[in-house]
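The next block holds one structure in the form of structure tokens; read it before the comments.
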Amino acid sequence: MQFSLQNGTIIIELHEIEAQVLCHILSLICKNYETRPEEMDPRARAVWYSSRGCRSAGMSEEEIDAWIDSLHEYKSENLELCRKLRMDLEVPAEPRVLKIPSEYASEFLSILNDHRLFLAAVHDIDESKMEISSQEEVLQLSFVQFKALREIDFLAEIMERILKLITPNRL
Amino acid sequence: MSTQVLPGKVEVIEEKSEESFEKNWGVIVWNDPVNLMNYVVHIFMKVLGFSKEKATVHMLEVHYKGKSCVAIESREKAELYQQQIQKFGLIVTIQQI
């Protein structure tokens, strides 16, 4: 993948297989954004729509429900960007190109991050699995966990490259 | 058509208004194994208006100490920050300091 910032637009050039992987991921994200919180996998709901903060603030159940609805509305607003980018990726070209206006960078990052959180939650990927480095540890993962970790890392790379573009001199 | 204001309802609304202006509510961001450090810095800069340096200090506090109090505000503002930060996938709570 190649990343550049040109005239206020983030340009991502992807090889065919990278585009297919990202397109597939964006499709899954769109599907999850279309799902009401109460219909989600409970583990995913717990990370996307956590009410921990609401309870610490002493909110009532009604206020918590309103809070969650508000969060869902925000994610639904990201759905349009997600769908557009998925369609852009489907345009035949080599390399495939994504163009994201830099004012939408934070939204795009949160879209990718949402999926990382989703994958970690539903596939029981905890801190120890996030820090796996040896072949021996990798072999102890289930196939779905291995695949999920690969996607988590793939999205992390995209996020880090974008963050490097939009905020120079990062850590 | 006349409107009637129910005394009990007015009392509840007044209480809620007073609560919103209560001061010294801390916005606490918690560590998690998934969110990237640079992403957390970005969110702190975007939502809280921190400089990169200040955002980095708080991010490192979250990373090494498990949590960081990133703002102390009125309850209303603390709740707003909580929602804005949570939208980006960080774990955040508020509590009276």
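Coordinate-derived values only; no laboratory data. Everything numeric here is computed off the predicted structure, so don't read it as measured data.
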Holding the Cα-Cα limit at 30 Å, pick out from A:K129/B:K23; A:K129/A:K164; A:K31/B:K52; A:K31/B:K23; B:K23/B:K54 the pairs that are longer than that.
A:K129/B:K23; A:K31/B:K52; A:K31/B:K23
If you project the alpha carbons of segment B:17-93 onto their three principal axes, what span does each projection cover, largest first, in Å?
37, 23, 21
Rg and Dmax in Å for segment A:1-135, alpha carbons only: what are they?
17.2, 54
Taking a ≥ b ≥ c as the square roots of the eigenvalues of the Cα gyration tensor of the protein assembly as shown, is the shape rounded (a/c under 1.5), prolate (a/b larger than b/c) or oblate?
prolate
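Find how much the distance from A:D126 to A:L5 grows on full extension, using 0.36 nm per residue of separation minus their present alpha carbon separation; answer in nm with one decimal.
Numbers: separation 121, 0.36 × 121 = 43.56 nm, distance 3.39 nm.
Working it through step by step, the gained length comes to 40.2 nm.
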